[in-house]
1. In the stretch 65-101, what residues are over 17 Å from Arg147 (Cβ atoms), open to solvent by 50 Å² or more (accessible area, probe 1.4 Å) and either without any contact (Cβ under 8 Å) to a residue 24 or more places away in the chain or of a type in the set (Val, Ile, Thr) (or both)?
2. Specify which of the listed residues (Asn425, Asn381) is among the polar types (S, T, N, Q), assigned to a helix (DSSP H, G or I), more than 17 Å from Ile525 (Cβ to Cβ) and open to solvent by 60 Å² or more (accessible area, probe 1.4 Å).
3. Hey, can you tell me all the residues within the stretch 105-140 that are under 41 Å from the mean Cα position of the chain (by Cα), assigned to a helix (DSSP H, G or I) and not aliphatic (A, V, I, L, M)?
4. Can you tell which of Ala198, Ala238, Ala230 is at pLDDT 80 or above, touching a helix residue (DSSP H, G or I) at 6+ places or on another chain (Cβ under 6 Å) and either not in a strand (DSSP E or B) or not β-branched (Val, Ile, Thr) (or both)?
5. What are the residues in the stretch 211-225 that are part of a strand (DSSP E or B) and either open to solvent by less than 30 Å² (accessible area, probe 1.4 Å) or without any contact (Cβ under 8 Å) to a residue 60 or more places away in the chain (or both), if any?
6. Check Met543 against each of (1) open to solvent by 80 Å² or more (accessible area, probe 1.4 Å); (2) among the aliphatic types (A, V, I, L, M); (3) over 13 Å from Thr432 (Cβ atoms) and name the one condition it does not meet.
7. Hey, could you check the stretch 497-525 for residues that are part of a loop (DSSP other than H, G, I, E, B) and out of contact with any strand residue (DSSP E or B) (no Cβ under 9 Å at 6 or more places or on another chain) and say which is nearest to Thr445 (Cα to Cα)?
8. Pull out all pairs, ordered by first then second residue, where Cβ-Cβ is under 8 Å, the residues are six or more apart or on different chains, the first lies in the stretch 254-276 and is open to solvent by 50 Å² or more (accessible area, probe 1.4 Å), and the second is among the hydroxyl-bearing types (Ser, Thr, Tyr).
Amino acid sequence: MQSEPEDQNDFETAIGQLLVERGQLDRSALERALRIRNSSNEGLDRLLPKLGLATERDVAHAIAEHLQLPLVTARSFPDEPILEDKVSPRFLRETGILPLSDDEEGLVVAMANPRNAYALDAMRLISGREVHPRVAIPAELESAIERLYVRDGAPFGQGVEEVSEWGEDSVEYDVERLKDLASEAPVIRIVNQLITKAVEARASDVHIEPFENRLRIRYRIDGILEETEAPPFRLVAAIVSRIKIIARLNIAERRLPQDGRAKLIVHGTPVDLRISTMPTMHGESVVLRILDNQAATLDFEGLGIRGQNLERYLEVLQRPHGVVLVTGPTGSGKTTTLYASLLQINDSSKKIVTVEDPIEYQLDGINQIQVKPGIGLDFANVLRSILRHDPDIILIGEIRDVETAEIAIQAALTGHLVLSTLHTNNAASAVTRLRDMGIEEYLLTSTLSGVAAQRLVRTLCRHCREEHPAPPEIVKQLDLERHAAGGRVMLHRATGCEKCNGSGYFGRTSIAEMLVITDPIRQLILRRTESMALQRAAVEAGMKTMFDDGIQKALAGITTIEEVLRVTRDV
């Protein structure tokens, strides 16, 4: 630490300046925060995250750099409490300090504010050793204190009343009491913390799953579920009720699934939540889908669709009529690709109407309709009305049944461009799927313009990826030399660093294939050719498969061979 004490105002100004220089804080936002600080009792390090102007992690990084102290993460926290018999949880929480190690070299502590002289002196007096401070992220520090030093192991649950167990027959349970409990500050803080951590971790979903005697919390990050520290099981009812209140759902109804939406501000960024509850044996399971409009990538380059696939896709997209499909399993980015398609072709000369369930992102200048089957507003009924509104382009969220498929085909026959999604493993299988629904071959050949199939693969972290020669057996097995531009075939592996939270991956990109319905393909469709033969014919005509697209991205260092094989195993 610095030898001469630094004035608190100077210290906070220096921290703010560091954040500005890093591009993590606007100068105008810093000036506003400093004005608010002058009229409040809170320091800038706590005020910036509270106002949503900077994350706790960014502020902690700036403090560590300015004070020239190491920054510790949750991985550095001990598995067992240190000095448990000498310190109380209340003292640790109030001072924001946590012992990390205690040996002959001294006591190492993690601190939210390493300039807290009182806390350092107290720990020096308690331990009888020299104290070496480290900088910690406040939320991680608080969770670790609760986990290690609270007797009942309730990392989130301090100050929350015990929730009684209740069974299926206790619908008359005091709902007002549960509302009060769900509205108490500790429960609100728990739910807010779960959502904030999910956004900071770039999670797309939060899974809240009760089991017989524990609560499991998992985040889906880059398509992979990762378990995280959970609140105590006794708070399940209160947490679920709080989430239901946010989504304006019925907290007394626990026997039926419910769906809702909510909009929150996290670190100054508006975030849409899609909330779904479902009754299970041990309570209600909740999934929160996080839709960050500002983080969404709605351009083809950002989505990873480029080169030959993009050229072919744009060619069918520019046609005045016909059906264009994007296929793949749930969570493969189909809807995002369709949104990017609409933005590509949207202008004032075209009327675009969408019918979706649900509407994931709001697009300016496009008429978006949310289906509501409960009142009879399903895909088929909405589509019949849409056709009377003289649209040029129609987006159907998903073709789920023969009725929707028939209306989409009819719309294409009458001069509309129809975009939709379908659940199939590859592009050629879309033809078989529509045929199985009952669409005649002559209608398919008259209306279907093209089918794109895609998957999402995790992209390697650019800060820690490592290049290595491809093993000869892999080169031979996957025929990698066919994709390499001569020379030694090189691949990259995931290693893990602080930037990617140790996973080795950061973000996702798509791998795709584009089947254009040409005259030879139409002849095969009319002859009721099976999907595998259609796929072979398309490849012979120059179609790049998803697997080939993935291999090229792996050779370019964008992803790994393991990721490509993982998502194309069923193709």
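1. Asp85, Glu94 - these are the residues of the stretch 65-101 that are over 17 Å from Arg147 (Cβ atoms), open to solvent by 50 Å² or more (accessible area, probe 1.4 Å) and either without any contact (Cβ under 8 Å) to a residue 24 or more places away in the chain or of a type in the set (Val, Ile, Thr) (or both).
2. Only one candidate qualifies: Asn381.
3. The answer is Tyr118, Pro138, Glu140.
4. Ala238
5. Once the filter is applied, which keeps residues that are part of a strand (DSSP E or B) and either open to solvent by less than 30 Å² (accessible area, probe 1.4 Å) or without any contact (Cβ under 8 Å) to a residue 60 or more places away in the chain (or both), the stretch 211-225 yields Leu215, Arg216, Ile217, Arg218, Tyr219, Arg220, Ile221, Leu225.
6. The one condition Met543 does not meet is (1).
7. Looking at the filtered set, the residue picked out is Thr518.
8. Pro257/Ser276; Pro257/Thr277; Asp259/Ser276; Asp259/Thr277
The values are calculated or read from the model by the stated rules, or taken from the named source; none is laboratory data. This structure is a prediction, so every number in the text was calculated from the model and none was measured. Cβ: placed from backbone, ideal geometry, glycine included. Neighbour counts: every protein chain shown. SASA here: full protein model, heavy atoms, side chains in, ligands and nucleic acids out. Shrake-Rupley method; radii C 1.70, N 1.55, O 1.52, S 1.80 Å.
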